[in-house]
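Visitor: The following block contains the structure, expressed as structure tokens.
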Amino acid sequence: MKVTGIALVPPPSAADLPKVTPELLASVLARYSRSNDGLATILSKVDLANPDESIDRILKFVDYGHASIGGLTGGLAIALDGVSMWLAYKIFELAQMADGQESSTRYITMDATGLPTPAELGVPDDLAARWTAVMAKAFAAYHAEYARLDALGQAQPELIRLPPNAKPAVIIRIRKNYALDRARYFIPLATRTNLGLVQSSRMWAATVKHLDSLPQPEARAAAQLIRDELIKQSPRLMRHSTAEKSYAEQARQELATSLRLGLARLSTAPLRDEVWVKVDRDTPPWLREEQPVGEALRHRANRYGYQGTATRRMRVTFAWNNLAIAELRDLNRHRTGHRYTPLIQAGFYLPPEIAHAAHQPLLDEQAALTRELMQRGCGSYVYSLLLGAQTPFEHSTQADKFIYEAELRTGMGAHFRYAEHLSAALREFRAQVPESSAHIVEGTAEPE
């Protein structure tokens, strides 16, 4: 695992502006919020040659909460190389105010050499060889199915959804995506990936505090590495980023719930699709919603258009019983509202193009390892899961955000399984908000 920080650099056009560190910026703005002086006057009193002294002088004078000032540090960018897919998922779950990207299974090499060691992940020593063997078999299945599906796509191009008059390079790319998107369910959740995030010092402190409070050693190691990097840019504010009792206790209880549900529901059989959508349109009696839903939606040119109060004030909770972790990795990155999953294996998804029975020995071996880790109470059970493991997933947000996500995840180029899940949720939403139907653009996810 490697963590790299990217310092704030003023654009070339800002050459004449004072160059301040993130913490000096935050302290100056704190002083600014508590003074009749303008920003130029406050900056004139700052000794840029001795920023630490200036920060101490300002913060000594200004009474503030570190969280509110931490939010003024601007975007602090961190790149994390070689973290597991599980840790990347967890960081996106925790860092709800961050902008970020993670490596895609379509574009980076995936094989057993990309796995951390069992010791890094907290896998018990007596299970290490067994874990390594199961992961190797999972990658072998992934590569075999990818090769088979890629060859099938070449032999029967009619199986692949292609745009009209596609050029040869486009055909090759879409054929490979067709194979990769269906084979990826065998990829272990422990596989190394890379991600980059940008957020303020305040949000980084909360994210690192949360990571430091989790039971998985990889999370705590990442917390220390991120803290060490951010201390270079925001030393005072990052001191509030160590493990804390309330975080640790909630993590303990959530793990206990996951272990209980995971042992009760552990299965390798595919789950039948179920979706649950709850729409709450209530408003206070003294501030009733007056805008028709159609008026909130019909003026948009595309999904990025601004929606009206009728959908922005409408609460929506949507959930699936069987979201594969492959899809969870992306749907979890929709930042608004609250997302929750116990992250268990209540079933195992494989697309119709892959024979489930042909891989049953591998799935049985993988499930037995998961059961053993859960029975021992190990948080490292997450590293025995493959991307095909199906888990319940719930997301609560507002209707405008739900509509954006549904249009995006059924739109051109979306993964086929995203489209199935979001189309099902849209049907339930439209049943409860029928006047929205004419204004929501549900796509077909073609081509891939």
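A short reminder: the numbers here are calculations on the coordinates, not readings from a lab. Computed from a prediction, not measured in an experiment: that's the story for all the values here. Backbone-built Cβ (ideal geometry, glycine too); neighbour counts: all protein chains shown.
Visitor: Going by average Cβ neighbours within 10 Å, how do the peptides 85-91, 329-335, 434-440 rank, with the highest at the top? Write out the running numbers ahead of the final one.
Guide: Details: 85-91: 24.9, 329-335: 18.0, 434-440: 15.3.
The densest-packed peptide leads the list: 85-91, 329-335, 434-440.
Visitor: Between residue 136 and residue 106, what length in nm is gained on full extension when 0.36 nm per residue of separation is reduced by their alpha carbon distance?
Guide: 8.8 nm
Visitor: Rg/Rh for region 137-270 to two decimals, with Rh computed the Kirkwood way over all alpha-carbon pairs.
Guide: Numbers: Rg = 22.0 Å, Rh = 19.0 Å.
That ratio is 1.16, to two decimals.
Visitor: Only Cα pairs within less than 10 Å get springs; with that Gaussian network setup on the chain, which residue of 158, 365, 254 has the largest fluctuation?
Guide: Highest fluctuation of the listed residues: 158.
Visitor: Of 433, 83, 275, which has the largest mean-square fluctuation in a 10 Å C-alpha GNM of the chain?
Guide: 433
Visitor: Fully extended, how many nm does the chain gain between residue 290 and residue 154 (0.36 nm per residue separation, minus their Cα-Cα distance)? Write out the running numbers ahead of the final one.
Guide: Values: separation 136, 0.36 × 136 = 48.96 nm, distance 5.53 nm.
Length gained, residue 290 through residue 154: 43.4 nm.
Visitor: How much net charge surrounds residue 277 when only other residues with a Cβ under 9 Å from its Cβ are counted (Lys, Arg +1; Asp, Glu -1)?
Guide: Details: positive: 278, 427; negative: 428.
Counting the neighbours of residue 277, the net charge comes to +1.
Visitor: Mind sorting 238, 97 by how few other Cβ atoms lie within 10 Å of their own Cβ, fewest first? It would help to have the intermediate numbers written out before the result.
Guide: On the way: 238 26, 97 15.
In order of increasing Cβ crowding within 10 Å: 97, 238.
Visitor: Another question, then. Kindly put 423, 104, 384 in sequence by how many other C-beta atoms sit within 10 Å of each C-beta, fewest to most.
Guide: On the way: 423 17, 104 12, 384 29.
Final ranking by Cβ density, sparse to dense: 104, 423, 384.
Visitor: As I understand it, the dipole of the chain uses +1 on the Cβ of Lys and Arg and -1 on the Cβ of Asp and Glu, about the Cα centre. Which of 359, 241, 153 lies farthest toward its positive end?
Guide: Checking the options against the dipole of the chain, the answer is 241.
Visitor: With a cut-off of at most 12 other beta carbons within 10 Å, and DSSP calling the residue loop, which trypsin sites (Lys or Arg not before Pro) in region 398-448 qualify? Please list them.
Guide: On the way: sites: 401, 409, 417, 427, 430; in loops: none.
Listed in order of number, the matching sites amount to none.
Visitor: Report which label in [x] 72, 60, 49; [y] 68, 57, 41; [z] 71, 53, 43 holds the value of Cα extents along the principal axes in Å derived from the coordinates of this structure.
Guide: Working out Cα extents along the principal axes in Å from the coordinates points to [x].
Visitor: If we count other beta carbons within 10 Å of each Cβ, what is the order of 395, 338, fewest first? Let's see the in-between values first.
Guide: Details: 395 23, 338 11.
The fewest-first ordering by Cβ neighbours comes to 338, 395.
Visitor: Around residue 295, with a cut-off of 14 angstrom between Cβ atoms, what is the net charge of the other residues, counting Lys and Arg +1 and Asp and Glu -1? Mind dumping the intermediate values first?
Guide: Details: positive: 298, 300, 312, 313; negative: 289, 290, 400, 435.
Spelling it out: positives minus negatives among the neighbours equals 0.
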